[in-house]
Each structure stands twice: as structure tokens, then as C-alpha cells.
Amino acid sequence: MKIYDISMEIREDMITYKNKKEKKPKIKITRTLKQGANESKLEIESHTGTHADAYFHMLANGKTIENMPLNKFIGDCVVLDFTKVKDKKISLGNFKNKKIKKDEIILLKTRNKSLKKFDFNFTYVDKSGAKFLANKKIKLVGIDNSGIERAQPNHETHEILFKKNIPIVEGLDLTKIKPGRYFFIGLPLKIKGADGSPIRAVLIKN
């Protein structure tokens with residue numbers, strides 16, 4: 001069994017959405033061994049790094065993260081290659097010849113290299129692509145960018161997926177992952193009333 005860590009490292013200088021400084025994590029040492037034990041405090045925005053979006057993120061009556069079914073974040077998974085998609089937009093036509101099964105976790109690989117800074121022209125999923133995935137009744141969709149949509153009106157990609165009870169995971173690191181089938185685990189923290197949560201995402205290959 002091979003385990004692949006597909007999570008971003010949480011650090012104070014990590015990439016954040018649109019390079020917003022207020023989204024940078026803060027890690028503060030609160031105690032040292034001389035004081036009895038090494039302890040620290042982490043301050044992080046719920047949508048920084050590798051994270052899961054709760055339905056409440058975009059839907060007023062959507063479930064908050066602690067109420068999201070955990071089975072949504074565990075299961076059979078397929079990594080699809082969109083590294084060469086034109087116009088950096090994943091649409092309905094881009095899913096042609098892609099084998100997608102009901103209740104499967106779908107991860108979208110859009111690049112082969114790690115980013116050193118935020119890409120304002122990142123590859124995203126448009127309305128038609130979101131509708132295709134929703135109609136396939138997949139379990140979850142994840143992407144290796146800080147967001148799954150880019151400057152779309154009313155966050156339509158999120159809403160289309162959320163209204164079909166499909167969670168979204170963003171900020172994955174798929175640079176070393178080959179397209180194919182795996183088993184995915186990426187559990188959110190149990191944070192009361194939260195719109196999202198950091199996750200530690202892994203792929204397992206037998």
C-alpha cells in the first residue's frame with residue numbers, strides 16, 4: 001500500500017488566495033521546554049491551504065462543516081488530467097472520454113509544477129462543467145488550485161455542486177500524482193458553525 005500526501009504545508013509564507021496578506025496563517029510559540037513543554041497557537045483562515053468547503057460557504061441554509069457527512073470525504077477516487085486544457089477553463093466538452101462513476105470522488109489535476117506565488121489565471125471549472133459533474137452524482141470534487149471557480153457571477157460553480165450535495169476540496173497538491181484511480185481520505189475538522197476547514201488529504205494506492 002502506497003500513501004501519497006496531497007496536502008499543502010501550512011506555513012506563514014504559504015500561497016494564499018489572490019495573495020491576500022490577511023489570509024496568511026500565523027504560528028506563534030506560546031510555551032517552550034524551559035517552561036514545561038513546547039506549545040504553539042495556530043491562526044488560520046478556513047479557506048487557506050488544502051481545505052474543504054461546507055455547503056454553508058455559499059448557501060444560507062447549507063450545512064456547516066461539523067454537520068457534513070464524513071462518508072463524503074472518504075472513498076474511491078479518480079484523478080483526471082486537465083493540465084493541457086485550453087483557455088484554462090474546464091467545461092462540459094473537456095469531460096469527453098473521461099470515465100466517471102456515480103458516488104466517486106473526482107480530483108482535477110491542472111498543473112505539473114508547484115506554485116511559488118498565486119496564479120491569477122488559474123484553471124477553473126465553469127458552469128457547464130459543474131453541471132456535468134452534478135448530473136453524474138459524484139461524491140466530492142477536488143482541485144489543485146486555491147479555488148474551483150474564477151470571477152464567476154454568484155459563485156455559480158459552487159452553488160450548482162452544493163445544491164446537489166457535492167462538497168468541494170480546494171488547494172490540493174497533485175503535482176506528483178499520476179492520473180488514475182486511488183482511494184481518497186481528507187477529513188475536515190469538527191468546528192461548530194464553520195463554513196470550511198483545513199484537511200489533511202491523502203491518496204492510497206494498493
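The values are calculated or read from the model by the stated rules, or taken from the named source; none is laboratory data. On a predicted model such as this, the values are computed, not experimentally measured, just so you know. We place every Cβ from the backbone using ideal geometry, glycine too, and count neighbours over all the protein chains shown. Keep in mind that these areas ignore ligands, DNA and RNA; they rest on the heavy atoms of the full protein, side chains included. Shrake-Rupley method; radii C 1.70, N 1.55, O 1.52, S 1.80 Å.
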message = Just to confirm my numbers, what's the Cα centroid distance between the stretch 107-134 and the stretch 17-89 in Å?
response = 17 Å
key: Residue-wise HN-Hα coupling along the stretch 13-19, computed from phi with Karplus coefficients 6.51, -1.76, 1.60 (Hz; x: Gly, Pro)   = 9, 6, 5, 10, 4, 6, 6
key: Estimated vicinal HN-Hα couplings, Hz - the stretch 165-173 in sequence order (Karplus 6.51, -1.76, 1.60; Gly, Pro = x)   = 6, 10, x, 10, 10, 10, x, 6, 10
ask   = Considering only the other residues whose Cβ falls under 14 Å of the Cβ of GLY193, what net charge follows from Lys and Arg at +1 and Asp and Glu at -1?
value = +1
task = State the antiparallel share, in %, of DSSP beta bridges confined to the stretch 31-169, rounding to the nearest 5.
result = 20 percent
inquiry  = As a test question: what accessible area, to the nearest 10 Å², does MET58 have when a 1.4 Å probe is rolled over all protein chains in place?
reply    = 50 Å²
request  = Work through the residues other than ILE10 whose Cβ is under 14 Å from its Cβ and net out their charges, Lys, Arg +1 and Asp, Glu -1.
outcome  = 0
key: Per DSSP, loop GluC sites (Glu not before Pro) in the stretch 1-80 with at most 11 further Cβ within 10 Å   = GLU9, GLU12
query = Only one of the listed values, (i) 1.71; (ii) 1.02; (iii) 1.19, was derived from the coordinates as Cα Rg over 2.2 N^0.38 Å; which label is it?
reply = (ii)
Value of relative contact order over the stretch 33-171, rounded to a whole percent, pairs C-alpha under 8 Å and six or more apart = 28 percent
